[in-house]
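Heads up: the structure comes next, in structure tokens.
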Amino acid sequence: MSEPVPGQRIGEYVLEVPLGAGGFSTVWQARHHAFPDRRVAAKLLHDGARRELLRSEAACLKGLSHEGIARAIGLDVDHDPPYLLVELHQGRDLRQLLKTTTLSPERVEGIFRQLAAALAHAHQQGVAHGDLKPEN
């Protein structure tokens, strides 16, 4: 697998900056090559042997439609590296928020209500989140 670099083209998108890395992938912010105001999160596999896992994640997202769940935008498991494109939501993740802010009980309740609603929608569609953590 080739190592992704800023400026590299992934489908119609151009990689900008890495956002995070996990056990089997790295997530990058990417912009559309012709419409630079359109940005996505590009999940790039480290290992091509995990293509089916990426395909399965895309299939799960494809069946979900909820404001609290990022939509799948594109998938190419034959690309080097294989990738999944999803909506990019700007802002701080929950872990970053907790490091810098003391949340009121009302704010905590609001966050957990949104989380519970998104998870309930996924569960109604037969999808269980396999990596629930503040960054996600």
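Data overview
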{"item": "Residues satisfying the stated conditions in the stretch 72-93, i.e. open to solvent by 70 Å² or more (accessible area, probe 1.4 Å) and either touching a Cys at 6+ places or on another chain (Cβ under 6 Å) or part of a strand (DSSP E or B) (or both)", "result": "ILE73, LEU75"}
{"item": "Whichever residue in the stretch 2-21 is surrounded by fewer than 17 Cβ atoms within 10 Å (Cβ to Cβ) and touching a residue at least 24 places away in the same chain (Cβ under 8 Å) and, among such residues, is nearest to the chain's Cα centre (by Cα)", "result": "GLY20"}
{"item": "Qualifying residue in the stretch 94-102 (condition: assigned to a loop (DSSP other than H, G, I, E, B) and farther than 16 Å from LEU19 by Cα)", "result": "yes"}
{"item": "Residue count for the stretch 96-124, restricted to those that are open to solvent by 100 Å² or more (accessible area, probe 1.4 Å) and either under 18 Å from the mean Cα position of the chain (by Cα) or in contact (Cβ under 8 Å) with a residue 40 or more places away in the chain (or both)", "result": "1"}
{"item": "Odd one out for ALA41, checked against (1) over 11 Å from the mean Cα position of the chain (by Cα); (2) at pLDDT 95 or above; (3) aliphatic (A, V, I, L, M)", "result": "(1)"}
{"item": "Residue match in the stretch 52-71 (condition: outside any strand (DSSP E or B), touching a Pro at 6+ places or on another chain (Cβ under 7 Å), among the acidic types (Asp, Glu) and in contact (Cβ under 8 Å) with a residue 12 or more places away in the chain)", "result": "no"}
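The values are calculated or read from the model by the stated rules, or taken from the named source; none is laboratory data. Just so it is clear, the model here is predicted, and its values are computed rather than measured. FYI the Cβ positions are ideal-geometry reconstructions off the backbone, even for glycines, and counts take in every protein chain you see. Just so you know, the surface numbers come from the protein's heavy atoms only, side chains and all, with ligands and any DNA or RNA stripped out. Shrake-Rupley method; radii C 1.70, N 1.55, O 1.52, S 1.80 Å.
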